[in-house]
Amino acid sequence: MSRTVIVVLDGFGIGAMPDAGALRPGDLAADTCGHVLDHCRSALGRPLRLPALGSLGLGLVRPHRDLARDTALPVAVGRAALGYPGADTFAGHQTMMGADFSRVTVARLAEHLDEVASALGAAGHRVARLDGRPLLVVDGSVLVHDNLEADPGINWNASGRLTDLPFDRVLSVARTVRTVAPVARVIAVGGHADGPLAAYVREGDGGTVGLDTPASGFYRNGGLEVRHLGAELDHTRQLPQQAARAGIPVTLAGKAADILVCEGAVRRPAVATADVLEHTLEAVVRAPGDALVVANVQETDLAGHQQDAERYGRILERTDAGLAALIGLLDRPGDRLIVTGDHGNDPTIGHAHHTREYVPVLTHRPGAARVERLPDAPTLADVGATAAWSLGLDTGALANGAVRTAPGDRAPGGPVSRPAGR
């Protein structure tokens, strides 16, 4: 029996990839983990308390004075490159779960403005440009715009104040935009802003124009509602659907419940870290046999967008306590806890964008004999392939297949079986 849990620390990178400076040269200095640790030691007057992450081997892949440099846990540790262009949560999770996301369409809204306006008009909406700029005001209240928090042209947003209209109407606009959008994600965002949204519109990188969502107050004022509408993918060849098809119960917690597709999965959407961890722990406790749980801790990413390194550190500490509980629960031979990230989001880098960084891949393996250091994986697909293997699934059935092997815990693409005693 294998209860396999993947916990994604959203925006948790451990150092810039070689191409991180292609868009912003300063991003070659990105190191979300190291910079948050350094900042918090100075701001709090003490090191961050991250014993669980230390025991999972974070200090082995990102050495730092505030992280343990060895561990008694049976873990396999390494780091992964992203395996997709840019640095994006949706693309990261789809890649991780087995989709071939190495090619995404990159487009500014300005390049498709007429097409989007026509689709919205045909759906019965009133559409106008905002002060002649390349973004749209729909029904006088919803902004359709470039997403300024991802690399230019990766995602578009439909944003509305919940004091003006219910989230369902924002979502309806986003769904219409999705029908004609060539980009990876259209994101519906509803929240409580400090003022009219038009006051927070600004130019972004690469000729983009959009809402400065962190500046608007959406992230700090409470009540945030978000729905991610992704590009069409073959979800039947991703890990959650493969597991469900094999009769394995699947739970998606946090942002993973919004952006991953799996018929029959138990969905536990949440933004607050405590809620995400509670849903994850409950899923493990209730699993009598095989189970797959995928959870996303989103508040780390939000703290990165807010450029608030101290908040980021406190969320890491909160998450660490939840990871410690998971380590205690996942004690059967064959159980797996995989802790990773989907990109970086360095709050000290000087901007509110994601950063293109390597991410840790820390795998707790009860019953294994020793600690294993793994070579760099070229893509996040390694995470999904490892989880598929631990569940006894055919890793070759994933759209991007298995990527690398590690002694005793990974298998190449194709049918696999769990070794005796696991």
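Here, each number is a calculation from the coordinates, and none is a lab measurement. Please read all numbers here as calculations on a predicted model, not as lab measurements. We place every Cβ from the backbone using ideal geometry, glycine too, and count neighbours over all the protein chains shown.
Mean projection of the alpha-carbon convex hull of the chain over all orientations, in nm²?
Orientation-averaged projected area of the Cα hull: 18.6 nm².
Could you state the principal axis extents of the C-alpha atoms in the range 203-280, from the largest down, to the nearest angstrom?
Cα extents, longest axis first: 47, 32, 14 Å.
For the range 55-106, taking Cα atoms only, what is the radius of gyration to one decimal and the Dmax to the nearest whole Å?
Both quantities, over Cα of the range 55-106: 15.0, 45 Å.
Can you tell me, using C-alpha contacts under 8 Å and at least 6 residues apart, the relative contact order of the range 1-149 as a whole percent?
Relative contact order for the range 1-149 comes out at 10 percent.
Along the principal axes of its C-alpha atoms, what lengths does the range 268-321 span, in descending order and rounded to whole Å?
Cα spread of the range 268-321 along its principal axes, largest to smallest: 41, 19, 14 Å.
In terms of modelled amide H atoms, which long-range or inter-chain residues lie less than 5 Å from the amide H of Val361?
Gly78, Arg79, Ala80
Tell me which residues come under 5 Å, amide H to amide H, from Ala30 once H is placed; ignore anything under 5 positions away on its chain.
Under 5 Å from the amide H of Ala30: Ala16.
State, to one decimal in nm, how far the label point of Met1 lies from the label point of Asp131, with both points 7 Å from Cα in the Cβ direction.
6.1
Just to be sure I understand: if I project the alpha-carbon convex hull of the range 223-320 onto a plane and average over all orientations, what area do I get in nm²?
7.1
In degrees, nearest 10, range 0 to 90: what is the angle between the Cα axis of helix 273-285 and the longest Cα principal axis of the chain?
40
Compute the acute angle (0 to 90°) between the alpha-carbon long axis of helix 381-390 and the principal axis of greatest extent of the alpha-carbon atoms of the chain; round to the nearest 10°.
40
Take the chain, connect every pair of alpha-carbon atoms lying under 10 Å apart with a spring to form a Gaussian network, then pick out the residue of Ala128, Ala324, Ala369 with the largest mean-square fluctuation.
Answer for the Gaussian network model of the chain: Ala369.
Using amide H atoms built in the peptide plane, which far-off residues or other-chain residues are under 5 Å from Val201 H to H?
Asp212
Per-residue HN-Hα couplings for the range 356-367, Karplus 6.51 cos²θ - 1.76 cosθ + 1.60 at θ = phi - 60°, whole Hz, x for Gly and Pro?
Residue by residue, the range 356-367 yields 7, 10, 4, 10, x, 10, 10, 10, 8, 10, x, x Hz.
Using only Cα atoms, locate the centre of the range 304-373 and the centre of the range 6-62, then give the distance between them in Å, rounded to an integer.
Measuring centre to centre over Cα atoms gives 10 Å.
For the range 305-320, what does the Karplus curve 6.51 cos²θ - 1.76 cosθ + 1.60, with θ = phi - 60°, yield as ³J(HN,Hα) per residue in whole Hz, taken in order and with x for Gly and Pro?
My calculation for the range 305-320 gives 5, 7, 6, 10, 5, 5, 4, 4, x, 5, 5, 4, 5, 4, 5, 4 Hz in order.
Please tell me the relative contact order of the range 109-230 in percent, rounded to the nearest whole number, where contacts are Cα pairs under 8 Å and at least six residues apart.
24
Counting pairs of Cα atoms in the range 106-229, how many percent are more than 19 Å apart? Walk me through the intermediate numbers first.
Working: 2870 of 7626 pairs.
Result: 38 percent of Cα pairs exceed 19 Å.
Quote the convex hull volume per residue of the range 28-124, based on C-alpha atoms, as a whole number of Å³.
About 206 Å³ per residue, rounded to a whole number.
For the range 253-387, what is the Kirkwood hydrodynamic radius in Å, using each pair of distinct C-alpha atoms?
Hydrodynamic radius (Kirkwood, Cα only) of the range 253-387 equals 16.1 Å.
Over the chain, what is the relative contact order in percent, taking alpha-carbon pairs closer than 8 angstrom and at least six residues apart?
Taking the mean separation of contacting Cα pairs over the length of the chain, I get 28 percent.
Find how much the distance from Ala274 to Glu111 grows on full extension, using 0.36 nm per residue of separation minus their present alpha carbon separation; answer in nm with one decimal. List each step's numbers first, then the result.
Details: separation 163, 0.36 × 163 = 58.68 nm, distance 4.07 nm.
Gain on extension, Ala274 to Glu111, equals 54.6 nm.
With θ set to phi - 60° and the Karplus curve 6.51 cos²θ - 1.76 cosθ + 1.60, what are the ³J(HN,Hα) couplings of the range 115-125 in order, to the nearest whole Hz, using x for Gly and Pro?
Karplus-based 3J(HN,Hα) across the range 115-125 equals 5, 5, 4, 5, 5, 5, x, 5, 7, x, 8 Hz.
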